[in-house]
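I have placed the structure first, in the form of structure tokens, so that the comments after it can refer back to it.
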Amino acid sequence: MSLKVYNSLTREKVNFTPINAPYVGMYVCGPTVSGESHLGHARPFITFDVIFRYLMYLGYKVRYVRNITDAGHFEEEGREAEDKISKKAVLEKLEPMELVQKYTNLYHWAMSRFNNLPPSIEPTATGHIIEQIAMIKKIIADGYAYVANGSVYFDVEKYNADFSQKGQPYGILSGRILDDQLETTRELENQEEKRNRSDFALWKSAAPGHIMRWQSPWGEGFPGWHIECSAMSTKYLGEEFDIHGGGMDLQFPHHECEIAQSTVCNHKMPARYWLHNNMITINGKKMGKSYNNVIRLTELFTGDHPALTQAYHPMTIRFFILQSHYRGTLDFSNEALQASEKAMKRLWEAYYWLQQSDIKGGATAGDAALDNKVKRLVDEFDECMNDDFNTAKVLANIFELVSVINSVKDKHIPAETLAGSTVELLRKQLKAYIEDIFGLQSDRVADDGKLEGVLQLLMDIRKEAKGRKDFVTSDKIRNELAALGVQLKDEKDGGMSYTIN
RNA sequence: GGUCAUGUGGCCGAGUGGUGAGGCACAGGUCUGCAAAACCUUAUACGGCGGUUCAAAUCCGUCCAUGACCUCCA
């Protein structure tokens with residue numbers, strides 16, 4: 001039973017073998033901090049966070065590198081080349097780095113709300129200009145890039161011609177054939193500097209108005225988008241590392257260009273396994289700026305958006321994302337998120353009850369069939385994750401276990417139905433998966449126990465009131481606590497429990 | 001136009017050719033001072049048409065539909 005991952009490069013599920021076990025290097029393309037993150041951005045970061053956590057669970061020592069793009073990309077496409085970040089900074093009357101800092105902070109805040117672990121290294125593009133320039137120099141020296149008017153372009157045609165023979169044509173990842181692209185690419189303006197349309201910029205000369213600019217051997221300018229990832233992944237993970245991740249929309253051109261750059265510099269395919277998450281859609285359409293259907297994370301958390309009927313907790317979104325496989329599209333809707341919200345609640349109640357209860361199980365199983373079923377469901381967690389991180393299947397199993405737990409809780413089946421060892425296994429693996437691997441967190445207050453004590457007191461008073469059929473008092477306690485977001489529930493044997501929303 | 005995906009019940013979503021994952025919603029029931037929760041039961045499905053097979057949601061062909069990428073994009 002070993003981990004299999006779907007490698008976009010070969011388009012098949014393959015065994016995962018680290019280059020230098022137990023060490024694993026993983027690079028994931030991070031955000032461009034020129035604006036607020038939206039729901040779509042949440043997916044890769046949650047997906048790869050779970051992958052990061054699972055690799056550690058398997059015992060690997062993982063160095064997880066996720067960059068921050070803060071240098072600003074150039075835009076072409078009929079517009080004047082311009083630095084996105086500095087343009088917006090002018091509009092907002094901010095220093096570019098102030099803008100970058102603002103959105104970086106927001107991004108980090110959102111990541112922690114999602115309970116994503118911080119990556120091992122989070123390098124910034126602006127902090128690695130020197131490395132990028134060094135890499136560009138090397139590419140020029142090898143003859144795969146040329147200088148034009150202070151800008152440097154990668155010569156895709158030459159690369160493709162030379163490396164096709166070595167079995168690594170340009171387009172190897174995305175399946176694109178360069179010749180087709182040449183025929184079908186739209187007519188672009190301001191392309192006269194490039195020898196071919198498919199050439200991409202390694203370095204862009206900065207127009208006089210540009211605020212973000214650096215000295216280079218080719219004049220003042222700023223780095224192209226693709227080179228930062230190549231420079232930083234090489235610096236921190238080496239010329240060849242294990243996993244490169246990101247959204248499917250980055251396959252082309254971004255990752256394709258990274259492959260070309262790194263291959264020229266290091267004579268190696270940079271990463272062995274290329275993992276790509278699919279998009280989050282809304283009404284069947286990808287969520288993205290160009291579609292004008294973006295729901296920002298701040299809006300999602302507050303519910304302040306026309307498309308939202310309510311606010312959603314970050315954990316609801318995390319759960320929602322884990323309920324589908326990362327390579328499939330996932331369609332956003334209020335109904336779907338509300339379903340996730342309820343499912344999560346159900347999960348927490350069963351989970352906390354089990355962790356806090358003192359049930360021990362029997363010396364042997366009272367019902368071997370059920371006991372075996374529980375063991376099987378738990379054992380399958382790892383198998384599901386080993387099958388290209390099938391979090392949806394793990395959750396399905398967990399919910400089957402929730403039913404069993406609830407049956408024990410309600411005494412429909414006695415605790416001795418399960419063997420003590422099975423109960424322990426269940427406790428241990430549910431914790432490992434729900435908290436450690438899936439990174440789900442409940443809002444259950446982790447204070448010093450004062451609130452817990454107060455609530456217990458209220459529940460005791462309510463119990464006494466009920467005992468003397470003083471339902472006015474007992475309902476008052478329940479209703480007023482409910483108004484504060486604390487839900488009381490009567491249990492079958494006269495006990496009581498609470499949930500905090 | 002090129003490349004690559006996808007089409008599963010009211011909704012969201014797994015799925016290894018053979019006894020209908022799971023979640024939410026719905027219906028009936030149990031429990032309950034009431035409520036909520038929980039539990040039990042039941043229902044609804046694999047885009048169309050062919051083919052392979054004893055057997056297909058699962059394999060093959062074809063058609064239809066949708067989406068992504070080809071331009072910044074998670």
Exercise for the section: Looking at (1) surrounded by fewer than 16 Cβ atoms within 10 Å (Cβ to Cβ); (2) free of Cβ contacts under 8 Å to residues at least 60 places away in the same chain; (3) aliphatic (A, V, I, L, M), find the lone condition where A:Ile140 falls short. Expected result: (1)
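Is it fair to say A:Ala369 is more than 9 Å from RNA strand B (Cβ to nearest atom), out of contact with any Gly (no Cβ under 8 Å at 6 or more places or on another chain) and of a type in the set (A, V, I, L, M, F, W, C)? Walk me through it before giving the result.
Values: more than 9 Å from RNA strand B (Cβ to nearest atom): yes; out of contact with any Gly (no Cβ under 8 Å at 6 or more places or on another chain): yes; of a type in the set (A, V, I, L, M, F, W, C): yes.
Against the criterion (more than 9 Å from RNA strand B (Cβ to nearest atom), out of contact with any Gly (no Cβ under 8 Å at 6 or more places or on another chain) and of a type in the set (A, V, I, L, M, F, W, C)), A:Ala369 qualifies.
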Fill in the blank from the handout: Filtering the range A:451-465 down to residues that are under 25 Å from A:Ala350 (Cβ atoms), surrounded by 13 or more Cβ atoms within 10 Å (Cβ to Cβ) and over 43 Å from the mean Cα position of the chain (by Cα) yields A:Arg462, A:Lys463
Completion exercise
Expected output for the range A:1-26 (first residue without any contact (Cβ under 8 Å) to a residue 40 or more places away in the chain and closer than 22 Å to A:Tyr236 by Cβ, partner of a type outside the set (Phe, Trp, Tyr) and assigned to a strand (DSSP E or B), Cβ below 7 Å, 6+ apart or cross-chain) is A:Pro22/A:Lys61
Practice task
Output yes when any residue across the range A:404-418 is in a loop (DSSP other than H, G, I, E, B), out of contact with any Asp or Glu (no Cβ under 8 Å at 6 or more places or on another chain) and surrounded by 15 or more Cβ atoms within 10 Å (Cβ to Cβ), and no when none is.
Solution key: no
Fill in the blank from the handout: So, first residue touching a residue at least 24 places away in the same chain (Cβ under 8 Å) in the range A:262-279, second residue among the basic types (Lys, Arg) and within 16 Å of RNA strand B (Cβ to nearest atom), Cβ within less than 7 Å, six or more apart or across chains; the pairs are A:Asn277/A:Arg43; A:Asn277/A:Arg327; A:Asn278/A:Arg327; A:Met279/A:Lys286
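Take the conditions at pLDDT below 90 and within 30 Å of A:Ala368 (Cβ to Cβ) and apply them to A:Glu452. Does it pass?
Against the criterion (at pLDDT below 90 and within 30 Å of A:Ala368 (Cβ to Cβ)), A:Glu452 does not qualify.
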Handout entry: Residue list for the range A:242-275, restricted to those being in contact with a helix residue (DSSP H, G or I) (Cβ under 8 Å, 6 or more places away or on another chain) and basic (Lys, Arg)
Key = A:Lys268
Practice task
Any chance you could count how many residues in the range A:2-13 are surrounded by 15 or more Cβ atoms within 10 Å (Cβ to Cβ), of a type outside the set (Ser, Thr, Tyr) and part of a strand (DSSP E or B)?
Solution key: 3
Handout entry: Selection count where residues are in a loop (DSSP other than H, G, I, E, B) and within 19 Å of A:Tyr107 (Cβ to Cβ), scope the range A:285-303
Key = 4
Completion exercise
Within the range A:109-125, the residues that are exposed (fewer than 15 other Cβ atoms within 10 Å of the Cβ) and part of a helix (DSSP H, G or I) are A:Trp109, A:Ser112
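Being in contact (Cβ under 8 Å) with a residue 40 or more places away in the chain and part of a helix (DSSP H, G or I) is the filter here, so list the residues in the range A:305-316 that pass it.
A:Pro314, A:Met315
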Practice task
Output the residue which, of all residues in the range A:372-393 that are farther than 27 Å from A:Gly362 by Cβ and hydrophobic (A, V, I, L, M, F, W, C), is surrounded by the fewest Cβ atoms within 10 Å (Cβ to Cβ).
Solution key: A:Ala392
Handout entry: Close pairs from the range A:317-330: first closer than 16 Å to A:Tyr433 by Cα and without any contact (Cβ under 8 Å) to a residue 24 or more places away in the chain, partner among the aromatic types (Phe, Trp, Tyr) and outside any loop (DSSP other than H, G, I, E, B), Cβ under 8 Å, at least 6 apart
Key = none
Problem - Condition broken by A:Gln441, with the remaining ones in (1) in a helix (DSSP H, G or I); (2) more than 10 Å from RNA strand B (Cβ to nearest atom) satisfied - result: (1)
Practice task
Would you check if A:Thr364 is in contact with a helix residue (DSSP H, G or I) (Cβ under 7 Å, 6 or more places away or on another chain), among the hydroxyl-bearing types (Ser, Thr, Tyr) and either surrounded by fewer than 16 Cβ atoms within 10 Å (Cβ to Cβ) or in contact (Cβ under 8 Å) with a residue 60 or more places away in the chain (or both)?
Solution key: no
Exercise for the section: Among the residues of the range A:258-311, write down those that are within 9 Å of RNA strand B (Cβ to nearest atom), crowded, with 18+ Cβ neighbours inside 10 Å and not polar (S, T, N, Q). Expected result: A:His276, A:Met279, A:Ile280, A:Ile282, A:Met287, A:Val294
Problem - Subset of the range A:312-325 that is of a type outside the set (S, T, N, Q) and either within 8 Å of RNA strand B (Cβ to nearest atom) or over 22 Å from the mean Cα position of the chain (by Cα) (or both) - its residue that is modelled with the lowest pLDDT - result: A:His325
Problem - the range A:16-32, residues that are surrounded by fewer than 24 Cβ atoms within 10 Å (Cβ to Cβ) and either within 12 Å of RNA strand B (Cβ to nearest atom) or under 28 Å from A:Asn293 (Cα atoms) (or both) - result: A:Cys29, A:Pro31, A:Thr32
Completion exercise
Considering residues that are more than 10 Å from RNA strand B (Cβ to nearest atom), more than 22 Å from A:Asn406 (Cβ to Cβ), surrounded by fewer than 11 Cβ atoms within 10 Å (Cβ to Cβ) and of a type outside the set (Lys, Arg), the number found within the range A:468-501 is 3
Handout entry: Residue match in the range A:327-336 (condition: assigned to a loop (DSSP other than H, G, I, E, B), in contact with a strand residue (DSSP E or B) (Cβ under 6 Å, 6 or more places away or on another chain), more than 8 Å from RNA strand B (Cβ to nearest atom) and within 16 Å of A:His41 (Cα to Cα))
Key = no
Problem - Odd one out for A:Lys463 among (1) away from RNA strand B (no atom under 15 Å from the Cβ); (2) farther than 26 Å from A:Arg53 by Cβ - result: (1)
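The values are calculated or read from the model by the stated rules, or taken from the named source; none is laboratory data. Small disclaimer: the values here were computed from a predicted structure and weren't measured. Here the Cβ is made from the backbone with ideal geometry for all residues, glycine too, and neighbour counts use every protein chain on show.
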